[in-house]
Amino acid sequence: MTTQYAKNSPVISVENIYKAKVRLRGIAEQTPLMFNYHLSEHYGCRLYLKREDMQVVRSYKIRGAYNKMATVPAEALKQGVVCASAGNHAQGVAFACQKLKVHGKVYMPSVTPQQKVRKVKLFGKEWVDVVLVGDTFDDAYLEARKDADEHGKLFIHPFDDESIIEGQGTVGLEILEDCDRSLDYVFAAIGGGGLISGLGSYFKQLSPNTRIIGVEPEGAPAMYESLKAGEPITLSKIDSFVDGAAVRRVGDLTFRIAREVVDDMILVPEGKVCSTILQLYNEEGVVVEPAGALTVAALDFYKEQIKGKNVVCVLSGSNNDITRTEEIKERSLLYEGLKHYFVIRFPQRAGALREFLNNVLGPTDDITHFEYTKKHNRESGPALVGIQVQKREDYESLLERMDQHYINYQTLNDSRMLFDLLI
C-alpha cells in the first residue's frame, strides 16, 4: 500500500530515498534488524532492534553526510566542505571526505573530549582538519558558517537539508526490506529531526499504518514543544547530557516533515536513559550512547500500547565516552530512587556518628559519600552524606528512622547544582 502526498508536501519521496540507498552501497553498512528475545518477553510484543550502533562510524550519520556530498556537483566540492558538530555528524562528514577525497574542516567546541576529536581525525585521515573553538556547539556552528561563507565552501548541515534527510531515510528503507511482518510501531530518537523525517517519510508512503513515535530527552524537548506550538521554537536552555539528541531548535524543514509523519512524541528522563544504557550493556551486551538508548528507554512509557504488537526501536549510535560511566551510573541510581544525598547536622561529640550508623542506617543501606569538617566552638556540624538503598521503598523507612531519632537533615536530590558539584 502506498500513500500519495500532495506535490507541495515536504515529505521526502520514496524514489529519492531509494536513490540515496544506491549511492550508499559500499559506503554505509546495511545494519542488522535483530529480533530481541528478552525485551520481547518483557514487553509482551515482538521487538526488533535496528542496529545503527554497528554502522561504520557507529551511528547513522554517515548516511546523510555522504548522500549530501555525493549529490552536489564536483565543482561545488573543490573549495572543500565545512561542518559543525560535537560528535556523530563530524565523524560522518569526516568519513565521507575521506571516501570522496574532498578536503573538509570540522568545527568542534573546545570542550569536546579528545576521544571524539581523535575519532574524527581517524575517519577523515589527511582529508580533514579539526578546529576547536568556543565552549558550545553554537560557537562552533557560527565559526563554521563564517568559514563557509567567506571561502565559498559547502556547509554540511547536520539535519536541516533535503539530501541529508534522504540519506537518513535509508534506515527506514532497510527496516521494511528486512522485516518479515507488518510493523505496528517504530520508535526513533529526535535531535534536529533528520532521522525521523527521512524514516517517517518512507514509512508513511509504503507502510502508512505503522505508527511513528518520536523520542526526545526530557531536558531537550525541542520537537515536542515545536509541534505543540505549531511552529519551530528555540528552547531557552537544555540539558545537554543526551548530546546526540539535545538541540535548542529543530530544523525548519524537519519540523514541517515531522508534523506530517510523526504520530506521537515521548519525553524520556535523562536518568531513565542512563538505566537503559546499563541494562542494554549488562543484559544484552550492547554498547550505546545516551541518544542510542532513547528508544528502548521509551518503551516503559508505552508498554500498554505495544503489547502483542510488532515493534522496532532504532539504536541510533554507540559513540559513548567511557569517562562518562560514573555519571551514567550516578544518574541511573538517582532516577531509580536508590541513591540519596543529605546534609545532616551531627552533634559535635564523640559517638554521634556511631549512633547514626547503629540506629538510622538499615541493614542493606550503604554510605557511599561522606564529607565532614569539624567546626570548633559549635554544638553541631553539617556533613554531606550519600546513602544508597537496595530497593526504592527502603528510602521511606530511612526517613522514618531519621525522624524517630530526631536527626536534623535536609534532602538534596532535587538540587541540580549539587549534582554538578558531586559528579
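The values are calculated or read from the model by the stated rules, or taken from the named source; none is laboratory data. As the structure is a computational prediction, the values presented were derived from the model and not from experiment. Virtual Cβ from ideal backbone geometry, glycine too; neighbours counted across all protein chains shown.
Rundown of residues vs (1) more than 16 Å from residue 52 (Cα to Cα); (2) of a type in the set (A, V, I, L, M); (3) not assigned by TED's automatic domain parsing to the domain that holds residue 247, yes/no style:
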position	(1), (2), (3)
184	yes, no, no
187	no, no, no
195	no, yes, no
201	yes, no, no
208	yes, no, no
213	yes, yes, no
217	yes, no, no
220	yes, yes, no
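Take the conditions at pLDDT 95 or above and in contact with a strand residue (DSSP E or B) (Cβ under 8 Å, 6 or more places away or on another chain) and apply them to residue 31. Does it pass? I'd like the intermediate steps shown before the answer.
On the way: at pLDDT 95 or above: yes; in contact with a strand residue (DSSP E or B) (Cβ under 8 Å, 6 or more places away or on another chain): yes.
So residue 31 fits the description; yes.
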Item checked: Output for segment 65-75, where each listed residue is in contact with a helix residue (DSSP H, G or I) (Cβ under 9 Å, 6 or more places away or on another chain) and either in the same structural domain as residue 292 (by TED's automatic domain parsing) or not in a helix (DSSP H, G or I) (or both) -> 72
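The rows are residues; the columns are (1) of a type in the set (S, T, N, Q); (2) within 25 Å of residue 10 (Cβ to Cβ); (3) modelled with pLDDT under 95.
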site	(1), (2), (3)
227	no, yes, no
276	yes, no, no
301	no, no, no
319	yes, no, yes
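Out of everything in segment 362-382 that is over 23 Å from residue 331 (Cβ atoms) and surrounded by 15 or more Cβ atoms within 10 Å (Cβ to Cβ), what residue ends up being modelled with the lowest pLDDT? Don't jump to the end; show me each part of the working.
Within segment 362-382, the first condition is being over 23 Å from residue 331 (Cβ atoms), and the residues that meet it are 362-363, 372-382.
Those still in the list that are surrounded by 15 or more Cβ atoms within 10 Å (Cβ to Cβ) too: 381-382.
Details: 381: 84, 382: 89.
Checking each candidate, the answer is 381.
Hey, can you tell me all the residues within segment 225-247 that are of a type outside the set (D, E, K, R) and farther than 25 Å from residue 318 by Cβ?
Of everything in segment 225-247, those that are of a type outside the set (D, E, K, R) and farther than 25 Å from residue 318 by Cβ turn out to be 226, 227, 229, 230, 232, 233, 234, 235, 236.
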Checklist line | Residue list for segment 334-361, restricted to those being under 17 Å from residue 400 (Cβ atoms) and crowded, with 19+ Cβ neighbours inside 10 Å | finding: 340, 342, 344, 356, 360
Next item on the list: Check every one of the helices (runs of 4 or more DSSP H) wholly within segment 80-155 and list those with 3 or more residues that are more than 27 Å from residue 24 (Cβ to Cβ).
Entry: 137-151
Notebook entry, point to check: Would you pick out the residues in segment 40-64 that are surrounded by 24 or more Cβ atoms within 10 Å (Cβ to Cβ) and part of a helix (DSSP H, G or I)?
Noted result: 52, 53, 61, 62, 63, 64
Notebook entry, point to check: Taking segment 277-300 only, how many residues are free of Cβ contacts under 8 Å to residues at least 60 places away in the same chain and in contact with a Pro (Cβ under 9 Å, 6 or more places away or on another chain)?
Noted result: 1
Item checked: Filtered residue count, segment 96-126, keeping only those that are farther than 22 Å from residue 149 by Cα, touching a Lys or Arg at 6+ places or on another chain (Cβ under 9 Å) and surrounded by 24 or more Cβ atoms within 10 Å (Cβ to Cβ) -> 0
